[in-house]
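Accompanying notes for the structure given below.
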Amino acid sequence: MSKHTFSIGGVHPHDSKISRECAIQPLPIAPTVYISVAQHIGAPSVPCVAVGDKVKVGQVIAQPGGFVGAFIHSSVSGTVKSIAPRADLAGRPSTHIEIAVEGDEWLESIDRTDTLVTAIPEDAKAIIDKVRLGGVVGLGGATFPTHVKLSPPPGSKCERVIINGCECEPYLTSDFRTLLEKGEQVVVGAALLQKAMGGVPCTIAIEENKPEAIAHIREVIAKLGYKDMDVMVMKMMYPQGGEKQLIDAVMHRQVGSGALPISVGAVVQNVATALAVYDAVQKNKPIIDNSVTVTGECFPKQANLLVRVGTPLQYIIDFLGGVPADAAKVISGGPMMGRAVANLQAATVKGTGALLFLTEKQTRRAPESNCIRCGKCADACPMGLEPFLLNKLSKAKDWDACEANAAQDCIECGCCLYSCPAQIPLLDNIRVGKGAVLGAIRARAAAAKAAAEAAKK
Amino acid sequence: MSKLLVSPSPHIHSKVSTKSLMLDVVIALIPAVICSVAFYGWQELLVLGVSVASCVLLEWAITKYMLKQPSTIGDWSAVITGILLALNVPYTTPWWVIFIGAVVAVGVAKMTFGGLGQNIWNPALVGRVFLLVSFPTYMTTWSQPQGLFGVDAVSGPTPLGAIQEGLLQGASVQDLTAAYSYKDLLFANLGGSAGEVCALALLAGFVYLCCRKVIKPWITLSILCTVVVTSLIFWSVDPTRFTDPVFNLLTGGLILGACFMATDYVTSPMSLWGGVVFGVGIGFLTMMIRYFGSYPEGVSFAILIMNSVVPLLNMWFKQKKFGRK
Amino acid sequence: MNAFIWTIAVVTVLGLVLALVLYLVAQRFKVEEDPRIDEVEKAMPGANCGGCGFAGCRAFAEAAVKAPNLDNNYCPVGGNDTMAKVAAILGYEVKAKAPMVAVVRCNGTCEARPKVNEYDGYPSCYVKSLLYTGDTGCAYGCLGCGDCAAACQFGALSMDPVTGLPVVDQEKCTACGACVKACPKHIIELRPMGPRGMREFVSCVNKDKGPVAKKACANACIGCGICAKTCTHEAITVEGNLAYIDPAKCKLCRECEAMCPTGAIHGVNFPKPLDKDAVKERIKVRQQKAKEAAEAANKATVISSEVEKSKKEATNE
């Protein structure tokens, strides 16, 4: 079998990769950037600069707020104007460091040349430490700090590194362009990750709708001659790039409920993360920019831009000619899992992968009608859940039943709502149930821990 | 630029809607409708018209005047109920009987439960069975097909009815089935309700639905397989008392029931194995009623009985959850 | 005839045997419980709303019978009448509580608080609040999807289609607190009903700085603090750019309401409409007097201190 895919569910939205021919081009630096201190999963970072400080590109401006945390670096050079709450794309205030841009002065330690550094450091610890210092987080969307993922808890062992180049979300092309244009760097990044995990085999998974990328990466691997590294062609199916689904497809192992991928011996990293790892380890360049696809049928100019972290969305949009008149929704991310933007003044974060414009016709939800019990949602659910049931249980606030029916396993991929012929907002309600169940599980765990400690005393 | 829309993900939706699914079913029924009109003539057209019109009107009136909700006739499900009801009654049925059937189907079996998706039993079948037990004279007077321009309706029993009658009078099955060739059965040359007569047209609709991925074939296939297996066993034990498998496949409302009634989303299980068990149950009950029941035909009853256990099947047969045992 | 007699005999015997079985089973599985639980339960309103903190009226009755007094058990729905009955059954004393009512602390009407985007998800405040701060410029105010109205078992809350805000019917409101729990923005508060229903409250929960709040909503509290300065009963506190009136201290003088520049302070059920100018005049006069008094006092202290000073000097000499 040449094409691999996961075992349960999935849907086939039209891939709409209309920006696939657009090469990644750097976006001019905005006059002012706003860098959030909470742009990863885990504790928000703590600012370590003061208002009025001069900063250079690549300089640390906030330190991790805990083990699960990340360094944040200035993406521009200039003066810190303020450290104050500012609304993110959902309108919620969070602390942002405002920097007025003056020139483009980089830290001297950063290697800005284009030479490819292929020599892999011997020390795995050193690689992971450099990843940590580079503020690398998972750029596939979850923004989980990468160094934490690379430090498996004692007792678990990594058997395979999977580089996720599926990009199964419709419209998005930034990973595809990265694979084409910076394939060498991604492959070296993959080799670094391999080394960091103790020299385990590595699979680069790419969906079949990117044949150029598949051919190119195969060529690069052959040229660079890394061992135990191969490209796996994946079937075009959403959510192929979901972490659990990808491990299932590549390794035929299913990550259990509430467990981490490492429990089945897998570490999954996105293509953009592999590139960031390369930059951080080989070039001393922390994450200061990321490629963002700006696309949509109603958007006149398709583009893949290299955007400095903290650039206001409005600035990017204005650079490409403003929000088109018939755009009804702006989405940060893909159409299946991206977040609708309520505040165009919000700034990009490390995990911003796309800005998508959809028209009213494409995105407006049709009125909800009765469930006809067709079971399409259950067929589509890649986690094997019954969304129609979870929807009802969530609405009835029956959290125990939600847990019994595994609401906490939902990965929020959106397949259920996508496929529901009655347009029932299944996922909207299941999220509520999932949140409640996860809260209950955490509360139980905390109570059990407290009881255990009390028993010790 | 007007105000931006904001909603939780996902932001796009597949093109499939309740209406498109129901329209597909209507399209799949068109060959059978054309066939039945061609064989039975304008009277069948009248039956179809009355049935569809009364189902749609009733649903509209009930949503508007009793439930005071937005009308749901736009989803085409009432049209399907109407067509199925019409295909289930003889073309000689008077219009008012059909109207009563529509009242029971739409009014009682569907809207009382809350409309589309809430009903436990297939509405068209409930209507049909109600008529069968309330107006047995009309419902069992099957006339031989006369063609589109036929004038004289010749009354006669359906093949299944004839055999039951014959068996009671002591005749053997072989003698009785000799009157019917498989070709006649397949190409609708026999008496019976409209939907019972043209297996081929119904199968064409079924293939269309499967290709459009509206229904999955396993319920239908498991019904047909069970009917074949069950009748094969009985037939090989005593061919003089029990009819053969091919005859059982092609007669009565089996094909119509298996393709269009049992596969109704609302009243069938969702999972693969639930569907298989559901189908096996229908097939087996059908054969038991045909062989041992007092009615010559048992598909409607079998489907209604199995409809009742669908919630249980949905509970028992769930698909495996990811990463769980 | 024979069949007739047999039928009667069989049915009779069957009935007797089954009755015996039922009796034995009932005896075997009898649960001993305090008969007062049933009595208390009968006295309860029977809404099973959970407003008391127990799962239902039965659970409340069980807890009330077990408890040594009624201090921690109070049925807000039945109020003092019900509690008096319960106390009589159990022989406890009951402290009368002031009747409470749900108060919606947001006046961000469609007119005052224009929409800046359009929500297109499931119409639930909770779902909406998980997604973002809402479709208006105000990140604190009512989301308008009616979770509170849906949570109310007594039909006391309804959404006003014109303002887009919930309206409390104080006759029907039992202060069970279901709406308070349902509101993800915490804009509903249980406040004392007040004498003849008269009460004064700040109808805003926006904690943004004045200009930001004002831009988002014309009716917002801008945290200017004029009300707190005006109040002579120390009933108003301003915290995080938001004023709050303590119902325990408020004397319903309505001075704050008259002085509020944005109209964020609401008084309800007062017999007469508020004559703002008259109240303002009154306050002005009072403040003038106070100022004069303060000045006079100031002078007096100056004089007295000078006197003391001269005394000291005198003693020194």
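Each reported figure results from applying straightforward, stated rules to the coordinates on display, with no laboratory input. Because the structure is a prediction, the values reported are computed rather than measured. Reconstructed Cβ throughout: ideal geometry from the backbone, glycine too, with neighbour counts over all protein chains shown.
When 1/r is averaged over all different Cα pairs and the result inverted, which Kirkwood radius in Å belongs to segment B:18-139?
It works out to 14.2 Å.
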Original post:
Taking the C-alpha atoms of segment C:1-87, how large are the radius of gyration and the largest Cα-Cα span, Dmax, in Å?
Top reply: 21.9, 70
Original post:
What percent antiparallel are the DSSP beta bridges of the protein assembly as shown, to the nearest 5?
Top reply: 65 percent
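Compute the Kirkwood hydrodynamic radius of segment B:216-316, taking the inverse of the mean of 1/r over all pairs of distinct Cα atoms, and give it in Å to one decimal.
With all distinct Cα pairs of segment B:216-316 included, I get 13.3 Å.
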Subject >> Unit Cα scatterers, Debye sum, segment A:171-226: log10 I(q)/I(0) for q = 0.23 Å⁻¹ >> reply: -0.91
Original post:
What's the average, rounded to a whole number, of partner chain beta-carbon atoms within 10 Å of each residue's beta-carbon in B:65-78?
Top reply: 1
Subject >> 3J(HN,Hα) from dihedral phi, segment C:266-281, Karplus parametrisation 6.51/-1.76/1.60, rounded to Hz, x for glycine, proline >> reply: 10, x, 10, 6, 6, x, 10, x, 6, 8, 4, 5, 4, 5, 4, 4
Original post:
Most fluctuating residue of C:V25, C:V302, C:V65 in a GNM of chain C with Cα springs under 10 Å: which is it?
Top reply: C:V25
Subject >> Qualifying lysines (Cα of each under 25 Å from Cα of C:K115; at least 8 residues distant if same chain) >> reply: A:K329, A:K361, B:K3, C:K128, C:K185, C:K207, C:K209, C:K214, C:K215
**OP:** Using every pair of alpha-carbon atoms in segment A:301-378, split the distances into 5 Å bins beginning at 0 and state the percent of pairs per bin, rounded to integers.
**Re:** 3, 12, 22, 23, 14, 8, 6, 6, 4, 1
**OP:** Would you grab the residues whose amide H sits under 5 Å from the one on A:H73? Only those 5+ places off in sequence or on another chain, please, with H modelled 1.01 Å from N.
**Re:** A:I61
Original post:
Once a ≥ b ≥ c are taken as the square roots of the eigenvalues of the Cα gyration tensor of segment A:247-328, is the result rounded (a/c under 1.5), prolate (a/b larger than b/c) or oblate (a/b not larger than b/c)?
Top reply: oblate
Subject >> Global form of segment A:62-221, assessed from the alpha-carbon gyration tensor, a/c cut-off 1.5 >> reply: prolate
Subject >> Alpha carbon centroid spacing (whole Å) that separates segment A:375-389 from segment B:296-313 >> reply: 25 Å
Original post:
In sequence order, what are the phi-derived ³J(HN,Hα) couplings for segment A:265-278 according to the Karplus relation 6.51 cos²θ - 1.76 cosθ + 1.60 with θ = phi - 60°, rounded to whole Hz, with x for glycine and proline?
Top reply: x, 10, 10, 10, 10, 6, 4, 5, 5, 4, 5, 5, 5, 4
Original post:
Using a cut-off of 23 Å between alpha-carbon atoms, which lysines can reach C:K85, once sequence neighbours fewer than 8 places away in the same chain are excluded?
Top reply: C:K42, C:K66, C:K95, C:K97, C:K172
Subject >> Spin-label zone in segment C:192-232 - amide nitrogen under 20 Å from a point set 7 Å from the Cα of C:K284 along the C-beta vector >> reply: C:226-232
Original post:
In chain C, how does Rg compare with the Kirkwood Rh, expressed as the Rg/Rh ratio over alpha carbon atoms?
Top reply: 1.24
Subject >> Cut-off under 5 Å, modelled amide H: who pairs with A:G65 long-range >> reply: A:S45, A:V46, A:A70
Original post:
Taking N as the number of residues in segment A:203-305, what value does Rg over Cα atoms divided by 2.2 N^0.38 Å take?
Top reply: 1.26
Subject >> Distance cut-off 58 Å, percentage of C-alpha pairs in the protein assembly as shown lying past it >> reply: 32 percent
Original post:
Using DSSP loop states and a limit of at most 10 other Cβ atoms within 10 Å to flag GluC sites (Glu not before Pro), what is the longest stretch of chain A containing no flagged site?
Top reply: A:123-457
Subject >> segment C:165-317: relative contact order as a whole-number percent, Cα under 8 Å and 6+ apart >> reply: 19 percent
Original post:
What are the residues whose amide H is under 5 Å from the amide H of A:I162, where those residues sit 5 or more places off or on another chain and H is modelled from the backbone?
Top reply: A:T203, A:V267, A:V268, A:Q269
**OP:** With the cut-off at 15 Å, report for segment C:49-110 the share of all Cα pairs above it, as a whole percent.
**Re:** 54 percent
Original post:
What is segment A:64-159 by shape, rounded, prolate or oblate, if you read a ≥ b ≥ c off the alpha carbon gyration tensor as root eigenvalues and call it rounded for a/c under 1.5, prolate for a/b larger than b/c, and oblate otherwise?
Top reply: oblate
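Tell me, what is the percent relative contact order of segment C:106-145, built from C-alpha pairs under 8 Å that lie six or more residues apart?
Values: 36 pairs, mean separation 18.2, N = 40.
Over segment C:106-145, the number comes to 46 percent.
Could you work out the mean count of beta carbons from other protein chains within 10 Å of each residue's beta carbon in C:130-139?
Going residue by residue through C:130-139 and averaging, the value is 6.
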**OP:** Calculate the translational D of segment A:302-453 in whole µm² s⁻¹ from Stokes-Einstein, where the hydrodynamic radius comes from the Kirkwood formula applied to all Cα pairs, the temperature is 4 °C and the viscosity 1.567 mPa s.
**Re:** 73 µm²/s
Subject >> Whole-Å distance, taken between Cα centres, linking segment C:216-275 and segment A:13-50 >> reply: 44 Å
Original post:
Given the alpha-carbon gyration tensor of chain A, what are the semi-axes of its equivalent ellipsoid in whole angstrom, ordered largest first, with each equal to the square root of 5 times an eigenvalue?
Top reply: 32, 27, 25
Subject >> Tail weight of P(r) past 17 Å, computed on alpha-carbon pairs of segment C:16-142, percent >> reply: 70 percent
Original post:
Can you pick out the pairs among A:K376/B:K15; C:K229/C:K309; A:K149/B:K325 whose Cα atoms lie more than 24 Å from each other?
Top reply: C:K229/C:K309; A:K149/B:K325
Subject >> Span from the segment B:1-79 Cα centroid across to the segment A:217-255 one, whole angstrom >> reply: 45 Å
